[in-house]
1. Treating only the Cβ atoms of Lys and Arg (+1) and Asp and Glu (-1) as charged, compute the dipole magnitude of region B:85-157 about its Cα centre; round to the nearest 20 debye.
2. Can you give me the accessible area per residue for region A:567-709, using a 1.4 Å probe, in Å²?
3. With an 8 Å Cα cut-off and a minimum separation of 6 or more residues, compute the relative contact order for chain B in percent.
4. Which value in deg cm²/dmol, rounded to the nearest 500, describes the helix-derived mean residue ellipticity at 222 nm for chain A, given -39,500 (n - 2.57) per DSSP H run of n ≥ 4 and division by the residue count?
5. In a GNM of chain B with a 10 Å cut-off on Cα contacts, which of B:66, B:58, B:146 has the highest mean-square fluctuation?
6. Going by a ≥ b ≥ c, the root eigenvalues of the Cα gyration tensor, does chain A fall in the rounded group (a/c under 1.5), the prolate group (a/b larger than b/c) or the oblate group?
7. Quick one: compute the contact order of chain A, relative version, from alpha carbon pairs under 8 angstrom and 6+ residues apart, as a percent.
8. Check cross-link reach from residue A:677 to the lysines: straight Cα distance under 22 Å, and skip same-chain residues fewer than eight apart.
Amino acid sequence: MSHLSEIPKELADALDTFNGTTSRRDFLKSSGLFVLSFSGTGLLDTPGPDSGEASGAPENGTAAPYPEPDFRLLDSWLVVHEDSTATFYVGKTDGGQGTGTAFRQMMCDELDIAFEKSTLVMGRTDMTVDQGGSGGSDAIERDGWAVRRVAAEARRVLLEMASGRLGVPMDELAVSDGLISIPRDPSRTVTYGELVGGRRFDVMLTGSNVNATTGVASVKPVQDLKIVGQSLPRYDIPGKVDGSLEWAVDVRLPDMVHARNVRPPVAGAKRISIDESSVRDLSGFIRVVSRGNYVAVVCEREEQAIEAASRLEVQWEKPATKSFPSSEDLFDYLRNATPMSPARGRGSRTATREQGNTEQAMAAATTVVEAEYDFPFQGHTAIGPAHGLADPSDGQMTIYTNDMKPYSLRTGVAEFLDMPPEQVRVIWMDGPQLYGRTAADDAGFEAAFLAKEIGRPVRVQWMRHEETAWDTKGPAFAFTLRGGLDDEGNLIALDYRARVADYAHVGYNQPDTVLIAQLMGIRPSRPASGGASAPAEMYAIPNRRQETSVVRFPRAFETPLRTGNLRDPGGPQVTFASESFIDEMAVAANADPVEFRLRLLRASSEEDRVFMRARSIAVVEAAAEAYDWDTRPSGKAVGSDRILTGRGVAYAYRARTAIAEIAEVEVDRETGRVWVKRMVCAHDCGLVINPDGLRSTIQGNLLHGLSRALYEEVQFDTEMVTSVDWRTHPTLRHVDAPETIDIVIVNGDPEPDRPDLPPYGAGEPSHRPVAAAVANAIYDATGVRLRRAPFRAERVLAALEAAGV
Amino acid sequence: MSDVTLDVNGETHTLDVDSSTPLLYVLRNDLGLRGPRFGCGLSQCGACTVLVDGVARRSCTLPVSRVDGEITTLEGLSGDGELHPVQQAWIDDQVPQCGYCQNGQILTAKALLDRNPNPTDEEIRQGMNGVLCRCMTYYRIQAAVRHAADAMAADASGSGPAREEVIR
Ligand code: FES
Ligand code: FES
């Protein structure tokens, strides 16, 4: 089938002009790795849709319009070059966890070419199909299937072509690394490049949406995958180590200017006036741009914009009422507030679930334990503050960003600026880590707005104080749990109640919730409340009740306490409470905490589609074995040593991935400092694409979890966030890293050899149990139960002193 | 504006910039270097690290007029296409995640090993402590510093690279 007219113009251009990739490649001799050369302006070195070699500047690679590549065309996903190399186009982004490498591994395996013969373009809205960018740990789990099927289809089509050319039935052909041969007649071969190099496949795919994209071919059975499962080095690392990779922060365009924002001094402040004379005489000053409460200064040079933003005199009027409780009063506020009624607010809810009869069982219990847990607001606080560069030339808008969702940035900006979406494109490039809804969204909108106002390319980057104070926050929670044991120490009733400060949850790239829109007075008719799911475990507890309710603050918009997705949204908070409490119940039952959990997991044989019970049991057992767990109830006798040691376990699942973790802590009873000396993580995410990449991702998750458990807490008074830098919102540092991390990759699937064994998400699950494992270990070491995160030294010390330890 | 002369990665540049301009912006915006990055502007994170006469300095708070030595950035660490052993260890150990902080990590490690070629684990942790990583690659960084120290010791003793390929 031929559908030439539906091929995006750029792709067609690229195929017409492209003549092999060798000249654009560079073998980095010192590492032996095959990498793209990012010399010069970089983008154009990526072979593919807009790689017109004659053009010197990436920003002008091609003119608008920029229609979306059609996912139903094989040519949108994959180009085979004359030298039998291939370029893949994937609508995802890589925040540094190696998803790009994993995509290449999967696609090379299905296409049957060597890993080194592939390159990958990710997250460019004009070149890669809309797979939504990143989020939800779904890159491999969900999008991996579409790219595998597409690559498998390309292989099938190539075999079909070869069959025609060689006059031999398809089933008599063999393929290896882009070379098709006839085993019974080895003299006759044809390469992928000879068959289709530099030309279109002109093959239609089917599928009602991008995730369902498929051709006729099926993917290979797991046993036939050769590149998948290998710890191949990440292709992006050499350029990150020698300084050659061009990042979103590095793009410099002719005539580009720099902007910095001037934020309201307190939440909800109203701009009264701006005294432009305070900056007019500064060198390089171009303009103050303001609309509503959004204010920015634009200058020729970056340091000039920083200086001007800090000097600009703006008169603000503080709001008459308090915006929120202070961080010290936060948990009392959450507990005493009347939660939102389910009837009010878009999507708001007080969700209750009950099975059995919890109150009746609680009344019949021999022992009832009740405990409250608190988890504060925490920030993304990216190492590199949010940034964006927007080029408004020729009536189009090109945004260079590290935003993990370039597609919604494109449509959001188009709506915000009232431009046709075809005139807007977003080019994703590497940047500081993104684990959810960060200010990268906001900065992209700001750059585009300012570029349109100024008529020149504008680069904006947030300052550290803005990033820490104004980035979206993971919401605070207050929990109350009650549990009842029967006279044999079985957990027969569990009552879980959570209150979450997630009243105005901002989504991704929404033109009515990005910060600039809020400051301009644009907002949705109602704030969208978030919420949280209940604990994700497979414990068989006959009577349980779960209730999550959302608490609102006086200020929903123009607030630095706006909430958004932060790595494993809600997971660390909920699991801190639920898995700390399970530990408390084990103590009440005088049971070993691993045994207690295994007993709860084995108390039922009910299974689900992904064997979550069997896999949960397997990870708990694997973690205990790897740690060499000493079976005994937690809460050792505290001796006279200054350093107290203990171990704690926690388990959870996230979506279809099961995790159990053990933390070994040292608590300094003189300073209150907690050091997690060793961590063990047993991890079952099904099929593993790149084991070393997975380990790296898990290590990052564990340490980020430690950072949230030990240090991170957003502080604020009733009008403004007072956490503004690394001192006031501290993070884990080198000295805090564990001495040993043991990762056990488990495959607890009872049918591990089934041919379609799926991979599940791994970007976030291992983040989830960390805080609980640490709290449980601190209890084991000291006999003191910490029920409020983070466990900063002063808080630990106070708790130890209060308990007389 | 005034003329400022800087020696960067073996080349001398004379630039017409305000003398109070932090070195970071000159390196990035005038010289087009990508290694040093803006992280905080407060000397708190290390993302902007450069070497001045071999000492790790924070370019975000260092005015160009106060630069008193030869500057080496991440780009200048490898000579003749040969990666520095610290960079090689970073690749072998697959250290970076996003990589944004790694300029500061690598240069700080290089300066540390120049001062102390055979640091203890504790000296590595302390010596690297001021450089933050929000992807939390500390564990791999510390292992890579150790591997780089071993490789440099082997080079110095002429026994050739002692590294095995570390792909765990
Ligand atoms: S940017 Fe210089 S120390 Fe953070
Ligand atoms: S690797 Fe991302 S901040 Fe360090």
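1. With Lys and Arg at +1 and Asp and Glu at -1, about 280 debye.
2. Numbers: 4260 Å² over 143 residues.
For region A:567-709, the per-residue accessible area is 30 Å².
3. Details: 275 pairs, mean separation 34.5, N = 168.
Relative contact order for chain B comes out at 21 percent.
4. Numbers: 18 runs with 205 residues, N = 805.
Helices in chain A give a 222 nm mean residue ellipticity of -8000 deg cm²/dmol.
5. Result: B:66 has the largest fluctuation of those listed.
6. Values: a/c = 2.02, a/b = 1.22, b/c = 1.66.
Because a/c hits 1.5 or more and a/b fails to exceed b/c, chain A counts as oblate.
7. Relative contact order of chain A: 13 percent.
8. Partners within reach: A:636.
The values are calculated or read from the model by the stated rules, or taken from the named source; none is laboratory data. No experiment lies behind these values; they were computed from the predicted model shown. Please note: Cβ atoms are built from the backbone with ideal geometry, for glycine as well, and neighbour counts cover all protein chains shown. Areas reflect the complete protein model, heavy atoms only, side chains present, ligands, DNA and RNA absent. Shrake-Rupley method; radii C 1.70, N 1.55, O 1.52, S 1.80 Å.
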